[in-house]
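Notes to accompany the following structure.
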Amino acid sequence: MTRPLRAECALELKTLVRQPGFWVPTVLFPAMLYAFFGAQSAGDWAANAMAAFAVYAVLGVGFFQFGVSVAQDRESPFANWQQTLPGHAGNQWIARVLASLVFVTVAVALVVALAFVLGRVEVGAAALVRLAFVCLIASFTATFMGIALGSLASARAAVPLANLIFLPLAYLGGLWVPPMALPSAVNAVSQWTPTRAMGELGWAAIAGTRWDPGYLAVLLGWTVISVAVVVVAHARHRRHE
Amino acid sequence: MPQARFNDPVRALGLAKRFGTVRAVSRIDLNVAPGEALGLLGPNGAGKSTTLSMLTGLRAPDAGEILIFGHRAGSPQARALTGATPQLVGFPDQLSPREILGYAAARYRVRARIDKLAACFGLERIVDRRVAGFSGGEMRRLALALAFVGEPRLVFLDEPTTGLDGAAQEGFQEVARDFVAKGGSLVLTSHHWDEIEAVCDSITLVDRGETVLEGRIGDIRKRASVSRLTFSLPPETVPPEWMQAVHDGARWHSECADSDKTLRRMVHEALPFHGLTVAPLDLKDVINRIRREETGP
Ligand SMILES: Nc1ncnc2c1ncn2[C@@H]1O[C@H](COP(=O)(O)OP(=O)(O)OP(=O)(O)O)[C@@H](O)[C@H]1O
Ligand SMILES: [Mg+2]
């Protein structure tokens, strides 16, 4: 790792770790919500609830870390000044992705640890590895969705807007309430949400079943839409600068 | 003026930038030689900050050309050689000056001389404190230190001393003069004429996006080598018409090209003045006079 990249990582991690407003909702809430609502799930759904809250954690980091930092990039004098420094802007993005992986890992590990302790979930190592892989894929989509959100929202609006999208998506996707318990109208919408797709992949990982290409396509679709939003928003900001 | 060279620290020609319908900059030329400090002066909204944002590569000009040491503005080579401080300051609340300075040093790949910088800019007491809650002046000191942390050969400063106390302003002027004496180049915007005179060799005056006056401060002074006579008169006495003196409520002031001649005539006409002082005109008044003469009635 080069010195500028190390410095970039240290800056990103320090800023986020010293900001409870960031890590409480993203790292602690998934585990807490799991303890409240997921750990009671019995039988088949017990392990699935763990996977659902793991996915929920992944999406939170993407939304809150990238959504907010991208929105701030446009407005903060510090971010503006950083652009006058030597070196590649790419390092900043590498540092953000690495930091997000750290937070995702901690958040997911907390959910899994609670599931083992509180929920008495028993899944094998292979299932956990598959779940970790799903989390990685979900991170990819979540990151682009976060960047899209940050490209549209002002720095002030980014957090409330992230909540406004993130929480309904979690419910719609069947991450809090199992999909079979969703009203049928909601379930129809649910099929198209990225959260449902992430959840389904997570549940397949636990069960060791085949991934449904339909849900992979949904994730890909949301990623493409997010990238398109970023490109359009970027062009608009450039014209207005 | 010496011939401008291709790889001079700053060569900018015919810069223009508009924001929607606002023409922020319409025709600005700048040249800065090695070891030269240039003061960018002008009223609010004249286009100074916009010009600096183009020189640092943050904004692309709509027209014109910029070369920084012969490199495109904002190119990796140009950024490695320049340091800058923004007009607006704001730092991540969670970090300390030491951490931010260390970060910047790493990006420039230079050794972080943080304690030395902290001493130069009066940051010793706050260097390990988190930025959250810093006063405006403390933020400004950090911003100044950041412009110099990368050992640049060219520094852009946008109103560097706004909100600084007297000691910090003097400290800054010392650092700036030292930097220039060692061959560094400086572009400085300011509304403080005394600061410009203390630090800069030349000035560029901009108004409504255009360069209206430029040159070395010494040459400008020669163009209008005018003195100001200040004196008191007994009540009910007024100076003769030819002096074109103005009263400020307490004393009389008169500007003249040849103070010796004026003084002799005042004595010859037995004007009962007392408490007379003769001083060169302030740079600000010199420039106002030149511009009045140029635009003419
Ligand atoms: N991002 C922007 N969008 C729209 N107009 C802008 C923008 N930035 C600057 N302007 C306008 O461009 C003009 C020049 O602004 P600039 O900030 O360069 O002035 P300045 O000389 O630095 O003034 P000051 O002495 O107040 O700092 C102003 O009329 C300003 O309102
Ligand atoms: Mg300005």
Practice problem: Run through the DSSP bridge list for region B:10-221 and note the antiparallel percent, rounded to the nearest 5. | Solution: 50
Quiz prompt | Three semi-axes of the equivalent ellipsoid, region B:31-139, Cα gyration tensor, whole Å, largest first | solution = 28, 18, 14
Quiz item: Which whole-angstrom value gives the distance between the alpha carbon centres of region A:23-65 and region B:75-146?
Solution: 40
Practice problem: Provide, as a two-decimal number, the C-alpha radius of gyration of region A:1-143 over 2.2 N^0.38 Å, N being how many residues it has. | Solution: 1.18
Exercise. Would you kindly derive the ³J(HN,Hα) couplings of region A:83-99 from the backbone phi angles with the Karplus curve 6.51 cos²θ - 1.76 cosθ + 1.60 (θ = phi - 60°), listing them in order in whole Hz, with x for Gly and Pro?
Key: 5, 8, 7, x, x, 8, 5, x, 4, 5, 6, 4, 4, 5, 5, 4, 4
Quiz item: How about residue B:17: which lysines have a C-alpha closer than 18 Å to its C-alpha, ignoring those fewer than 8 places off in the same chain?
Solution: B:48
Exercise. Please compute the Cα-Cα pair-distance distribution of the protein assembly as shown with 10 Å bins starting at 0, giving whole percents from short to long.
Key: 3, 15, 20, 18, 14, 11, 8, 4, 3, 2, 1, 0
Self-check item: Prolate/oblate/rounded call for region A:108-241, Cα gyration tensor, a/c under 1.5 rounded
Solution: prolate
Exercise. Using the structure shown, list the pairs from B:222/B:284; B:116/B:182; B:182/B:284 with a Cα-Cα distance above 19 Å, or answer none.
Key: B:182/B:284
Self-check item: Descending semi-axes in whole angstrom, ellipsoid equivalent of chain B, from the Cα gyration tensor
Solution: 41, 24, 17
Exercise. When a/c is below 1.5 the answer is rounded, else prolate if a/b is larger than b/c, else oblate, so apply that to region A:108-152 with a ≥ b ≥ c taken from the square roots of the Cα gyration tensor eigenvalues.
Key: oblate
Quiz item: For the protein assembly as shown, what proportion of DSSP beta bridges, expressed in % and rounded to the nearest 5, is antiparallel?
Solution: 65
Quiz item: Per the helix-only calculation at 222 nm, which mean residue ellipticity applies to chain A, given -39500 (n - 2.57) for every DSSP H run of n ≥ 4 and division by its residues, nearest 500 deg cm²/dmol?
Solution: -24500 deg cm²/dmol
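Compute the longest continuous run of chain B that contains no exposed trypsin sites (Lys or Arg not before Pro); treat a site as exposed when its DSSP state is not H, G, I, E or B and it has at most 10 other Cβ atoms within 10 Å.
Formally, the longest exposed-site-free interval is B:183-297.
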Quiz item: Of A:180, B:266, how do they rank once you tally other Cβ atoms within 10 Å and put the fewest first?
Solution: A:180, B:266
Quiz item: Once you sort the root eigenvalues of the Cα gyration tensor of region B:227-280 as a ≥ b ≥ c, which label holds: rounded (a/c under 1.5), prolate (a/b larger than b/c) or oblate (the other case)?
Solution: oblate
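Just so you know, all these numbers are worked out from the coordinates, no wet-lab data involved. These numbers were taken from a predicted model, which means no experiment stands behind them. Here the Cβ is made from the backbone with ideal geometry for all residues, glycine too, and neighbour counts use every protein chain on show.
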